[in-house]
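Chemist: This structure is in structure tokens; I'll ask about it shortly.
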Amino acid sequence: MRYHNITKDDMLNGDGLRVVLWLAGCDHCCKDCQNPITWDPNGGLEFDAQAKEELFAELCKDYISGVTLSGGDPLYFGNREDVTALVREIRERFSDKTVWLYTGFTYETIQDLAVMDDVDVLVDGEFIAEQKDNQLFWRGSANQRVIDVPASRKAGKVILHCE
């Protein structure tokens, strides 16, 4: 798995103050994407032990609400196994922190992936430039949804995270 950046003290990509891991790899290639540099799965840096330590050091801070995985697409096919293991480890070590995940896939197509067992909030759907709306919370276009994953799984239908 490769990544481009670890953003610290982020307030734009989820609830509260967060650390954001920007992963490499995306094949959605959305028109007017804000991060096209992250599309290349071979771009960026190797997510190695040092990068994991940097991420975990941020999660140790009591004022950090949680982690957000973005990119690129954390659920790009080449990332799924590593992302699943990382999110599981985060959940085990930092059970009081929330996990947000941004993906171009829709909830309905990924809801049964193992990683979803440990995701609190999913922002799903491809960015659609024609539906761009800067007034939306935590998403770039009106088609994207901010989903409460545990509530959705319990209800058997999509439950939106309150904005």
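Chemist: Counting only residues 5 or more places away or on other chains, whose amide H sits under 5 Å from the amide H of R145 once H atoms are built in the peptide plane?
Modeler: Residues meeting the criterion, in which the H sits 1.01 Å from N, are D124.
Chemist: How much of the DSSP bridge set in segment 2-155 is antiparallel, in percent, rounded to the nearest 5? Don't skip to the answer; put the middle values down first.
Modeler: Working: 12 of 25 bridges.
Looking only at bridges with both residues in segment 2-155, the antiparallel portion is about 50 percent.
Chemist: Which loop chymotrypsin sites (Phe, Trp or Tyr not before Pro) in segment 11-53, with loop taken from DSSP, have no more than 12 other Cβ atoms within 10 angstrom of their Cβ? Don't skip to the end; give the middle numbers.
Modeler: On the way: sites: W22, W39, F47; in loops: W39, F47.
Here no chymotrypsin sites (Phe, Trp or Tyr not before Pro) fit, given the DSSP loop and packing criteria.
Chemist: Long-range amide H contacts for L17: which residues qualify at under 5 Å (H placed 1.01 Å from N, peptide plane, sequence gap of 5 or more or a different chain)?
Modeler: S65
Chemist: In straight Cα distance, which aspartates and glutamates are under 13 Å from K8, not counting same-chain residues fewer than 8 positions off?
Modeler: Here the aspartates and glutamates satisfying the reach criterion relative to K8 are E54, E58.
Chemist: When the helices in the chain are scored as -39500 (n - 2.57) per DSSP H run of 4 or longer and the sum is shared across all residues, what 222 nm value do you end up with, to the nearest 500 deg cm²/dmol? Present the calculation step by step, with values, prior to reporting the outcome.
Modeler: Details: 4 runs with 36 residues, N = 163.
Helix contribution divided over all residues of the chain: -6000 deg cm²/dmol.
Chemist: While we're looking at this one, here's another question. Are any of the pairs K97/K154; K52/K157; K97/K157; K31/K154 more than 30 Å apart by Cα-Cα distance, and if so, which?
Modeler: Numbers: K97/K154 20 Å; K52/K157 34 Å; K97/K157 24 Å; K31/K154 34 Å.
Beyond 30 Å: K52/K157; K31/K154.
Chemist: Once you mark the trypsin sites (Lys or Arg not before Pro) that are in a DSSP loop and have at most 15 other Cβ atoms within 10 Å, what is the longest gap between them in the chain? Write out the running numbers ahead of the final one.
Modeler: Values: sites that count: K31, K61, K157.
Between the exposed loop sites, the longest stretch runs 62-156.
Chemist: I need the calculated FRET efficiency for the pair A142 and Q50, taking r as the beta carbon distance and R₀ as 45 Å, to the nearest 0.05. Present the calculation step by step, with values, prior to reporting the outcome.
Modeler: Values: r = 39 Å, r/R0 = 0.87.
With R0 = 45 Å, the Cβ-Cβ based efficiency is 0.70.
Chemist: Let me ask another. Hey, got a sec? Which chymotrypsin sites (Phe, Trp or Tyr not before Pro) in segment 51-151 land in a DSSP loop and have at most 15 other Cβ atoms within 10 Å? Don't jump to the answer; show the numbers that get you there.
Modeler: On the way: sites: F56, Y63, Y76, F77, F94, W100, Y102, F105, Y107, F127, F137, W138; in loops: Y63, Y76, F77, F94, F105, F127, F137, W138.
For chymotrypsin sites (Phe, Trp or Tyr not before Pro) across segment 51-151 that sit outside H, G, I, E and B with at most 15 neighbouring Cβ atoms in 10 Å, the list reads Y63, F77, F137.
Here, each number is a calculation from the coordinates, and none is a lab measurement. Values in this document were obtained by computation on a predicted structure and should not be read as measured data. We place every Cβ from the backbone using ideal geometry, glycine too, and count neighbours over all the protein chains shown.
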